[in-house]
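**Student:** Got a structure here, written out as structure tokens. Questions coming.
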Amino acid sequence: MSNTTTDEVRCVPGPVAGGVTVLSAREVPLGGPRAMTVRRTLPQHVKSLIGAWCFADHYGPDDVAETGGMRVPPHPHTGLQTVSWLFTGEIEHRDSLGSHAFVRPGELNLMTAGHGIAHSEVSTAGTSILHGVQLWVALPDAARDCPPAFEHYVPEPVELDGATLRVFLGELAGASSPVRTFTPLLGAEVVLAPGARVSVPVDPAFEHGVLVDAGPMTVAGHRVERSELAAQECGPGELVLGNPTARPARALILGGVPFGEQVLMWWNFVGRTHEEVAGFREQWQRELAEPEADGERRFGVVPGYEGAALPAPPLPAVRMRPRG
């Protein structure tokens with residue numbers, strides 16, 4: 001998913017306090033005459049990252065007949081991994097590696113941008129309701145120039161007393177994902193039975209986020225409404241989750257060790273300095289203007305997509321810099 005906001009985002013790891021902070025989402029239109037709107041909980045000024053998780057958009061359930069669905073033309077990424085997870089609907093993914101895959105409910109699509117990649121995302125003709133999340137993971141400095149890659153994984157459900165888990169990244173409750181990450185990470189879907197209260201053992205070295213999709217839920221006793229994210233700092237060796245309702249509740253659990261690096265996010269790029277991000281933009285614009293030119297192509301062309309790629313917005317009028 002392309003980030004349509006062009007504000008500079010200065011990301012630094014938050015304090016390690018062991019407490020829980022509930023973050024409200026802000027609505028962001030993705031653009032177009034019938035703009036699809038997402039609810040964004042990361043990044044925020046009070047909490048930029050959870051582990052290496054640096055971006056979280058929650059959308060739907062949307063009636064595609066009203067919103068037009070998702071149609072994001074080819075656009076570039078650097079320095080990150082994109083994590084796509086759906087609850088309802090289907091999205092077609094294409095990228096400049098030649099990958100052609102579909103995002104379906106309960107199935108993970110993970111794209112590593114690394115040095116650079118371009119991709120498109122389009123909801124399929126058979127999709128009437130679109131509902132899911134789009135997440136980004138910042139790559140550490142040692143790996144952020146790695147070759148691009150694409151992986152698909154279907155996790156098996158794990159049954160707990162009062163809960164069902166699907167672990168798509170990392171390890172939890174005896175389940176382990178084979179998908180490659182570059183820092184210790186956790187990503188899982190959890191569905192709580194009506195009235196359930198569960199204690200899920202987690203790594204105390206991780207900070208965690210619980211992004212509620214169908215709620216409300218409670219996290220360590222804090223009430224968390226739909227589309228809110230409860231951020232729990234390092235320390236507790238458990239996530240205590242509750243469902244106070246008479247219907248199933250659902251959330252995503254995100255976790256990781258504190259990232260420990262400054263990150264500068266602008267548009268669809270994750271970098272470290274103004275000059276670096278400006279260089280990414282210049283390279284993308286040059287590739288759009290000269291599609292047949294010889295020489296290195298950082299991002300490449302997305303085969304099979306019919307239509308023009310997405311041009312980069314203008315750079316901010318002020319110099320971008322990481323905080324701290």
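Computed from the coordinates by the stated procedures, all read-outs in this text should not be read as laboratory data. Only a predicted model underlies this, so the values are computations on that prediction, with no experimental measurement involved. Reconstructed Cβ throughout: ideal geometry from the backbone, glycine too, with neighbour counts over all protein chains shown.
**Student:** Assuming R0 = 22 Å, what is the FRET efficiency of D145 and E282, from their Cβ-Cβ distance, to the nearest 0.05?
**Tutor:** On the way: r = 17 Å, r/R0 = 0.78.
Rounded to the nearest 0.05, the efficiency is 0.80.
**Student:** Note the angle between two axes, namely the Cα long axis of helix 274-289 and the longest principal axis of the Cα atoms of the chain, as a number of degrees from 0 to 90, rounded to the nearest 10.
**Tutor:** 60 degrees
**Student:** Separation of region 230-254 and region 304-318 by C-alpha centroid, Å?
**Tutor:** 38 Å
**Student:** Could I ask something else about it? Report the Cα centroid-to-centroid distance between region 262-276 and region 120-143 in angstrom, as an integer.
**Tutor:** Measuring centre to centre over Cα atoms gives 20 Å.
**Student:** If you take every residue apart from P74 with its C-beta less than 13 Å away from the C-beta of P74, what net charge results, scoring Lys and Arg +1 and Asp and Glu -1? Mind showing how you got there, number by number?
**Tutor:** Numbers: positive: R71, R94, R297; negative: E92, D95, E121, E287, E306.
That works out to -2.
**Student:** If R₀ is 45 angstrom, what is the calculated FRET efficiency for the pair R180 and A317, using the beta carbon separation as r and rounding to 0.05?
**Tutor:** On the way: r = 39 Å, r/R0 = 0.86.
Efficiency at R0 = 45 Å is approximately 0.70.
**Student:** Here is a further query. Whole-Hz Karplus ³J(HN,Hα) for region 220-237, in order, using 6.51 cos²θ - 1.76 cosθ + 1.60 and θ = phi - 60°, x for Gly and Pro?
**Tutor:** Each residue of region 220-237 in turn: 6, x, 8, 6, 10, 7, 3, 6, 8, 10, 9, 9, 10, 6, 4, x, x, x Hz.
**Student:** Put one equal scatterer on each alpha carbon of region 252-324, apply the Debye formula with no solvent term, and list log10 I(q)/I(0) at q = 0.15, 0.18 1/Å to two decimals.
**Tutor:** Here log10 of I(q) over I(0) equals -0.68, -0.85.
**Student:** Mind checking which of L165, N243, S176 is farthest towards the positive end of the chain's charge dipole, using Cβ charges of +1 (Lys, Arg) and -1 (Asp, Glu) about the Cα centre?
**Tutor:** About the Cα centre, the residue reaching furthest to the positive side is N243.
**Student:** Also: Give me the tail of P(r) for the chain as a percent: Cα-Cα pairs with distance above 37 Å. Mind dumping the intermediate values first?
**Tutor:** Values: 6387 of 52326 pairs.
Result: 12 percent of Cα pairs exceed 37 Å.
**Student:** Just to check I understand the Karplus step: with θ = phi - 60° and J = 6.51 cos²θ - 1.76 cosθ + 1.60, what whole-Hz values come out for region 179-184, glycine and proline as x?
**Tutor:** Listing the rounded values in order: 5, 7, 10, 10, 9, x Hz.
**Student:** Here's a follow-up. What number, in percent, do you get for the relative contact order of the chain if the mean sequence gap of Cα pairs under 8 Å and at least 6 apart is divided by its residue count?
**Tutor:** Numbers: 884 pairs, mean separation 73.3, N = 324.
It rounds to 23 percent for the chain.
**Student:** As an exercise, use a Förster radius of 25 Å and the Cβ-Cβ distance of T164 and V46 to find the FRET efficiency, rounded to the nearest 0.05. Could the numbers behind the result be given before it?
**Tutor:** On the way: r = 31 Å, r/R0 = 1.25.
Efficiency, from the Cβ-Cβ distance: 0.20.
**Student:** Any idea how far apart E156 and A246 come out in nm if each label point goes 7 Å out from Cα toward Cβ?
**Tutor:** 3.6 nm
**Student:** Scaled to the compact-protein estimate 2.2 N^0.38 Å, what is the alpha-carbon radius of gyration of region 87-129, rounded to two decimal places? Spell out each step's value before the answer.
**Tutor:** Numbers: Rg = 11.2 Å, N = 43, 2.2 N^0.38 = 9.2 Å.
Normalised by 2.2 N^0.38 Å, the Cα Rg of region 87-129 equals 1.22.
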